[in-house]
Amino acid sequence: MPKESLTDRAYSQIKAWIIGFQLKPGSHLSIQELAEALGISRTPIREALSRLEQEHLVARAPMKGFTVKALDLEQVEDLFEVRTTIELLAVRQAARRITAETRDQLAKSLESTIVWIEKKAKSHSLKFEQNFHMKILEASANVSLIEIGRGILERIWAIQHMNIVTSDALAEAHQQHTEIFQALADGSPERAEQAMRRHMKHTTRELIGRLRDRNDVLHNVMAFDPKKWPRVQ
């Protein structure tokens, strides 16, 4: 297998581990351990980590190597403010430009989501909910917006993953997604933006509130001090 393919494979898998919270904020990333886990050499691992560093998912310190990038609460708030701005623009443009094919994809995604919600399979449901937001970005047909938006969303998926699996927020989020979809299907930029604004406001308020509450499991799971996170085993 060509070296570039090995780098792509390492990049995709490590990124999935970070987004899925298998690798936690502040965790030390041992190149040797990752190479052994993926069954490849150290060079593709190092190249993959460098790519993830450019995407702000990984941090590198001199003489200390790589860690999963840890965020403080102010950075999380900033990310969600930027996310809201991007999502509002994306949904307005999507309402004007969405194709019949993408409408069908969104409808099927919502149908699949409710099935997994009823089965109480939160991780499966979350994948469809995340896909819903990515599809709206793509439906905007705005290349720059898609590129920027994907980077922002990928940086917050790990937090959202833990938020969802430690709460009962999925059903409400799904209802809000349904309202957004109905506005998109009707081709109404104004209604779509209003529905997305309500969704973003609710999501951001609930998440930040949980992160501020020292008695909330999410606050403690996300503990922002990198020193609290153990070395990856």
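The values are calculated or read from the model by the stated rules, or taken from the named source; none is laboratory data. In this text the structure is predicted, and so the values were computed from the model without any measurement. Every residue, glycine as well, gets a Cβ built from its backbone with ideal geometry; the counts of neighbours run over all protein chains shown.
Summary table
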{"quantity": "Single condition A10 does not satisfy, out of (1) modelled with pLDDT of 90 or more; (2) closer than 30 Å to I180 by Cα; (3) surrounded by 19 or more Cβ atoms within 10 Å (Cβ to Cβ)", "calculated": "(2)"}
{"quantity": "Qualifying residue in the range 174-181 (condition: at pLDDT below 90, surrounded by 19 or more Cβ atoms within 10 Å (Cβ to Cβ) and closer than 17 Å to E87 by Cβ)", "calculated": "no"}
{"quantity": "In the range 13-26, the residues that are crowded, with 18+ Cβ neighbours inside 10 Å, hydrophobic (A, V, I, L, M, F, W, C) and either modelled with pLDDT under 90 or touching a Gly at 6+ places or on another chain (Cβ under 7 Å) (or both)", "calculated": "W17, I18, I19, F21, L23"}
{"quantity": "Of the criteria (1) modelled with pLDDT of 90 or more; (2) closer than 30 Å to A195 by Cβ, which one L57 fails", "calculated": "(1)"}
{"quantity": "Residue in the range 47-74 that is farthest from the chain's Cα centre (by Cα), counting only those that are within 21 Å of F21 (Cβ to Cβ) and in a loop (DSSP other than H, G, I, E, B)", "calculated": "D72"}
{"quantity": "All positions within the range 15-33 that are part of a helix (DSSP H, G or I) and free of Cβ contacts under 8 Å to residues at least 40 places away in the same chain", "calculated": "A16, W17, I31, Q32"}
{"quantity": "Answer from E81, E101 - the residue that is among the acidic types (D, E), touching a helix residue (DSSP H, G or I) at 6+ places or on another chain (Cβ under 9 Å) and either more than 23 Å from Q182 (Cβ to Cβ) or surrounded by fewer than 20 Cβ atoms within 10 Å (Cβ to Cβ) (or both)", "calculated": "E81"}
{"quantity": "Checklist (1) crowded, with 21+ Cβ neighbours inside 10 Å; (2) at pLDDT 85 or above applied to R155, failing item", "calculated": "(2)"}
{"quantity": "Residue within the range 114-131 that is surrounded by 16 or more Cβ atoms within 10 Å (Cβ to Cβ), basic (K, R) and in a helix (DSSP H, G or I) present", "calculated": "yes"}
{"quantity": "Residue match in the range 160-173 (condition: in contact (Cβ under 8 Å) with a residue 12 or more places away in the chain, surrounded by fewer than 18 Cβ atoms within 10 Å (Cβ to Cβ) and of a type in the set (S, T, Y))", "calculated": "yes"}
